[in-house]
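Report on one structure; see the data block that follows.
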Amino acid sequence: MLLAVIGGLARAGDAAAPPTPAVVKSSPAQNKARLYEDYGVYDVSTLVRSGNSAERLDIAIVSSGFARQQSVLVRSAAGKIIKALLAADPFRSYAEYINFHLVAVDDPGGCEKARVSASVENGKMLTCDYDKAEEYGELAPADDLVIVLCNVKQARSAAFGRIVTLENGLDMGQTFVHEVGHAFAGLADEYADEQRQIPLEKAKGYVNVGFEPDPRRSAWHYWVPKVWKGPYQMNTLPSGHKVENPEGGFTHPDGIWRPEKHCLMACDAEELCVVCREEVEKHFFRFIAPVSQASPGSPVLRAGNREALVFKAEAIEVKTFGGSFGKFTALWTLDGAPRTADRAAGRATSMRIRGGELAPGTHEVGLSVVFSDSHVRRDHGWLASSLGWRVEVLPGESTPAAANSDGGEGFAILYELRSPETAVRARALAKLVDYPRIFQALEAARLCRDREAAVRKPAFFLLQKLFDGDRVLARAIAKDMAPFAWDFSDNPDILQWLGRVAGGAEADKADGETLSRQLAAINAYRAAVEAAAALPARRR
């Protein structure tokens with residue numbers, strides 16, 4: 001039985017010609033009469049459905065200021081919004097993982113009297129009642145991002161939280177995608193604006209602006225070298241990009257720095273800088289995961305000593321300009337030791353074991369899948385998936401009936417471990433104790449790369465506990481962590497621990513040597529950065 005673990009399988013659309021929206025039936029869960037009476041909503045429809053909302057990015061388009069008699073105009077405008085967004089990078093690469101919904105509101109009195117009221121401020125900025133936009137967005141089947149389509153023209157799009165406003169002239173060029181960058185990925189403005197300067201202290205926490213002028217010591221220092229060591233391949237800086245920390249950003253001309261001279265978030269380029277592009281790319285993986293389907297669906301299995309068990313997984317497919325990009329790497333382990341896949345073709349991988357080849361007792365199977373993307377140098381755990389099964393081999397020739405029924409929640413915890421909410425991920429770590437130890441170890445190792453300390457610290461604690469308590473399991477941990485050593489160049493505690501892993505008897509000799517070489521290179525890199533920073537500015 002195949003279990004859709006997280007994400008979904010579909011053929012990606014042609015990037016040069018985004019798919020024309022196909023109208024799907026209105027949500028059967030909504031009572032239309034009640035919706036119209038309470039909210040003035042006459043239509044809640046899914047315009048494009050690529051898969052289960054729990055495994056997709058869902059965008060809700062809410063109308064403001066359009067009378068019901070203008071329903072054809074509203075649907076036409078919604079279709080244009082969808083086409084425009086799916087034509088923009090990197091959204092077009094993930095077209096098959098986005099659902100679009102429409103919430104059409106009867107507003108005969110125009111935008112200012114609309115249920116989700118909207119107005120133009122300072123003669124140009126289009127704003128709306130953001131609380132109402134949140135409320136109406138929630139009437140859609142799902143609403144990770146809300147676009148409010150306003151019946152006004154010649155006004156500039158704006159964003160607040162996860163809400164984007166858009167005028168009916170449908171100026172969906174750089175400004176629109178810029179605002180989506182705010183709402184979808186939490187990116188900051190990278191330009192100066194003397195008319196509306198935001199206090200600099202509020203810039204803390206944004207990934208694309210910072211207070212460090214030296215790019216080699218900034219939060220995005222790993223984008224400075226032309227080549228960076230990725231987990232399974234070298235990452236080369238895209239042509240035309242250079243991270244050099246020009247001054248200015250977050251509406252201020254000085255006192256704050258941004259990664260590159262030109263960027264869509266600075267409103268002076270048609271594409272995002274490497275740091276912003278990386279952040280947008282990673283945000284897609286808050287809704288999808290490299291492993292899209294896997295089986296068996298139960299983490300605990302039984303097998304007779306003459307039976308065979310087949311473990312399967314299939315990765316998502318990401319396309320651009322009609323062709324796939326990125327590289328998937330799958331690592332299987334059996335009782336901590338690496339195991340070669342019996343089949344590895346395209347995005348599919350599988351491993352077969354027979355009960356007879358294992359001694360009676362408990363065994364564990366692990367799988368780690370990593371998507372290497374040239375636009376992402378540090379994935380913070382988002383571009384990886386892991387699974388783990390505990391297999392009890394019985395002395396008899398066959399398994400008792402119903403012994404392997406999925407039962408319970410299967411791998412439902414994956415949704416929590418990959419939640420966009422920090423607190424949910426942290427709580428999910430505590431629940432891992434009920435799952436196979438190899439699954440605990442692989443997920444803890446992945447979440448050691450998490451950006452948030454509230455997740456990263458307990459994940460590291462759990463990983464150390466598992467490593468110290470089980471030598472066989474430690475072998476799998478060392479193999480899984482070794483490719484990601486460069487992700488921890490800013491984390492001395494984990495680097496120190498990895499040094500112990502590399503020199504310990506738990507790791508395979510080859511893994512230990514590989515990890516030792518990487519740690520030596522990381523230490524040299526850190527020393528060179530500090531030495532350069534100590535030089536007088538004129539000599540740098």
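The values are calculated or read from the model by the stated rules, or taken from the named source; none is laboratory data. Because the structure is a prediction, the values reported are computed rather than measured. Cβ sites come from the backbone with ideal geometry, for glycine too, and all protein chains shown count toward neighbours. Accessible surface is based on the protein model in full, side chains and every heavy atom, while ligands, DNA and RNA are left aside. Shrake-Rupley method; radii C 1.70, N 1.55, O 1.52, S 1.80 Å.
Return the residues of region 173-211 that are open to solvent by 40 Å² or more (accessible area, probe 1.4 Å), of a type in the set (A, V, I, L, M, F, W, C) and assigned to a loop (DSSP other than H, G, I, E, B); say none if nothing qualifies.
Listed by number, the residues that qualify are Ile198, Phe211.
Residue check, Arg258 against (1) touching a residue at least 24 places away in the same chain (Cβ under 8 Å); (2) charged (D, E, K, R); (3) surrounded by fewer than 21 Cβ atoms within 10 Å (Cβ to Cβ); (4) more than 30 Å from Asp143 (Cβ to Cβ), all met but one. Which one?
In the conditions (1) touching a residue at least 24 places away in the same chain (Cβ under 8 Å); (2) charged (D, E, K, R); (3) surrounded by fewer than 21 Cβ atoms within 10 Å (Cβ to Cβ); (4) more than 30 Å from Asp143 (Cβ to Cβ), Arg258 misses (3) alone.
Scanning region 280-294 for residues that are open to solvent by less than 10 Å² (accessible area, probe 1.4 Å) and part of a helix (DSSP H, G or I), which turns out nearest to Pro199 (Cα to Cα)?
By that ranking, first place goes to Val280.
Write out, first by first residue and then by second, each pair whose Cβ atoms fall under 8 Å of each other, whose residues are 6+ apart or on separate chains, and whose first residue, in region 457-481, is more than 13 Å from Leu331 (Cα to Cα) while the second is part of a helix (DSSP H, G or I) and open to solvent by 60 Å² or more (accessible area, probe 1.4 Å).
The qualifying pairs are Pro458/Ala430; Phe460/Asp493; Leu466/Arg437; Asp470/Arg437; Leu473/Arg437; Ala474/Asp468.
Given (1) outside any strand (DSSP E or B); (2) over 30 Å from Ala482 (Cβ atoms); (3) of a type outside the set (Asp, Glu), identify the lone condition not met by Gly248.
Of (1) outside any strand (DSSP E or B); (2) over 30 Å from Ala482 (Cβ atoms); (3) of a type outside the set (Asp, Glu), only one is false for Gly248: (1).
Is there any pair linking a residue in region 439-453 that is in contact (Cβ under 8 Å) with a residue 60 or more places away in the chain and within 17 Å of Pro231 (Cα to Cα) to one that is in a loop (DSSP other than H, G, I, E, B) and open to solvent by less than 10 Å² (accessible area, probe 1.4 Å), with Cβ under 6 Å and at least six apart or on different chains, and which?
Listed pairs, sorted by first residue: Arg446/Gly381; Leu447/Gly381; Arg449/Gly381; Asp450/Gly381.
Just to be sure I understand, how many residues within region 339-374 are modelled with pLDDT of 90 or more and closer than 18 Å to Ile288 by Cα?
Qualifying residue count, region 339-374: 4.
For region 50-141, give me every one of the strands (runs of 3 or more DSSP E) that falls completely inside it and has 2 or more residues that are closer than 19 Å to Gly161 by Cα, open to solvent by 10 Å² or more (accessible area, probe 1.4 Å) and not acidic (Asp, Glu).
By residue number, 118-121, 125-128.
Just one of (1) outside any strand (DSSP E or B); (2) farther than 26 Å from Leu187 by Cβ trips up Thr329, so point out which.
(1)
Quick one: what pairs do we get from region 261-278, first residue open to solvent by 20 Å² or more (accessible area, probe 1.4 Å), second small (Gly, Ala, Ser) and not in a helix (DSSP H, G or I), C-beta under 6 Å, 6+ apart or different chains?
His262/Ala269
Just one of Gly336, Gly323 is crowded, with 22+ Cβ neighbours inside 10 Å and at pLDDT below 90; which is it?
Result: Gly336 is the single residue among Gly336, Gly323 that is crowded, with 22+ Cβ neighbours inside 10 Å and at pLDDT below 90.
Cβ-Cβ under 7 Å, sequence separation 6+ or interchain: first residue in region 63-91 and touching a residue at least 12 places away in the same chain (Cβ under 8 Å), partner among the acidic types (Asp, Glu) and in a helix (DSSP H, G or I). Which pairs?
Every condition considered, the pairs that remain are Pro90/Glu281.
Any idea which of (1) buried (at least 18 other Cβ atoms within 10 Å of the Cβ); (2) assigned to a helix (DSSP H, G or I) is the one Asp450 doesn't satisfy?
(2)
Are any residues in region 493-520 modelled with pLDDT of 80 or more and either acidic (Asp, Glu) or surrounded by fewer than 14 Cβ atoms within 10 Å (Cβ to Cβ) (or both), and if so, which ones?
Answer for region 493-520, where residues must be modelled with pLDDT of 80 or more and either acidic (Asp, Glu) or surrounded by fewer than 14 Cβ atoms within 10 Å (Cβ to Cβ) (or both): Asp493, Gln496, Arg500, Glu513, Arg517, Ala520.
Applying the selection to region 212-239, what residues are assigned to a strand (DSSP E or B) and either open to solvent by less than 60 Å² (accessible area, probe 1.4 Å) or of a type outside the set (D, E, K, R) (or both)?
Within region 212-239, Val227, Trp228, Met234, Asn235, Thr236 qualify.
Which one of these is polar (S, T, N, Q) and over 26 Å from Phe100 (Cα atoms): Gln174, Gln154, Gln195?
Matching residue, one of Gln174, Gln154, Gln195: Gln195.
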